[in-house]
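Written out below as structure tokens is the structure these notes cover.
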Amino acid sequence: MSSLNGTQALVAGGAVRNLPAIRALVDAGARVVIQAQTPEETKTAHQVAADLGSQVQVTTRPVATFADAEELVAAIVEEHGSVDALVTPVAPDDAPSLVDLDEESWTDYKSAYVTRAVALTRAASAVMAGQATGGRVVVLNSASTFVAPGAAQSAANAALLSLSSAASAGLRDTSVRVNGLLLGVPGAYQGGVPAPTGEVDMFGPTVAWLAGEESEGVNGKFVYVGGSDVGFYSMPMVMENANVQVRFDGEADSATVGQFLNNLVDIGKVQRQA
């Protein structure tokens, strides 16, 4: 397991699905501040702190703006001396479909998961860039980004994919590393459902690895974890076959484009059935 002795981590969101990550960070030697702002997060966070002891603290400071995030990170630095790792909140998968989504629910959802992740990544990475040891950001996400039934969840997850990619590129010249961690649909964390008996839980160890020095050089990656399965995505929307594309030399009407793309769809169906 990664050694995180002396590391100060900030984990945003105290939901049940975050528990393996928090426990793995503590087991590796990190001190953890859990930022909880919903009733469910707050209840779970206090239960975790009581279970894991003095290495875990809970703050209920809400993060709805950039200023909120800056004040929270500054308070942690003042008390603990640094912020070495950040784990952003993962959007829950119980959001309504597009036709059932009302504006108030969307605004609340966006604030709780997208704004909070962006604001905390911005504030923490600014502090990390000035630290001699740098820092690590793990942007949690879902592998169901493009197939999730909930419109708010899909929109939030797509934004977080872009966040991890853009943040890592913008911080490439610093000692701050940013990676996305996508939780697999068949894994243990959809709705907090535990892993099947005998299945290795790789979510926590992977977060601890990304938060530590053993992952030095890993930056701007998209890591997949689904139960006992771990791997890297080359890119979140990479073409299945780089040769299955065409460049039109002249003008093309919609019928020509459609004829080409329909053929590609048919090829894809054949490949998946093979």
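Descriptive notes on the structure:
- Separation of segment 53-91 from segment 161-178 is 19 Å, based on Cα centroids.
- Radius, Kirkwood style, for segment 1-95 when every pair of distinct Cα atoms is counted (Å): 13.4
- Sites residue 54 and residue 108 - FRET efficiency at Förster radius 30 Å, r taken between beta-carbons, to 0.05: 0.35
- For residue 160, net neighbour charge (Lys/Arg +1, Asp/Glu -1) across residues whose Cβ lies under 13 Å away: +2
- Near residue 213: Cβ cut-off under 12 Å, other residues only, Lys/Arg at +1 and Asp/Glu at -1. The net charge is -1.
- Among 230, 77, the order of accessible area from largest down is 230, 77, computed with a 1.4 Å probe on protein heavy atoms.
- Spin-label model distance (nm) - residue 43 vs residue 216, 7 Å beyond Cα toward Cβ: 4.4
- Taking the average, over residues, of other Cβ atoms within 10 Å as the packing measure, peptides 216-228, 5-17 rank 5-17, 216-228 from highest down.
- Label zone at residue 66, where the point sits 7 Å out along the Cα-to-Cβ direction: segment 106-132 residues whose backbone N lies under 17 Å: 111, 114-129
- Approximating the spin labels as points 7 Å out from Cα along Cα→Cβ, the residue 162-to-residue 79 distance works out to 3.4 nm.
- Formal net charge of residues neighbouring residue 75 (Cβ-Cβ distance under 13 Å; K, R +1; D, E -1): -4
- Segment 128-171: C-alpha gyration tensor shape, a/c 1.5 cut-off, then a/b vs b/c: prolate
The values are calculated or read from the model by the stated rules, or taken from the named source; none is laboratory data. Fair warning: this is a prediction, and the values are worked out from it, not measured in the lab. We place every Cβ from the backbone using ideal geometry, glycine too, and count neighbours over all the protein chains shown. Keep in mind that these areas ignore ligands, DNA and RNA; they rest on the heavy atoms of the full protein, side chains included. Shrake-Rupley method; radii C 1.70, N 1.55, O 1.52, S 1.80 Å.
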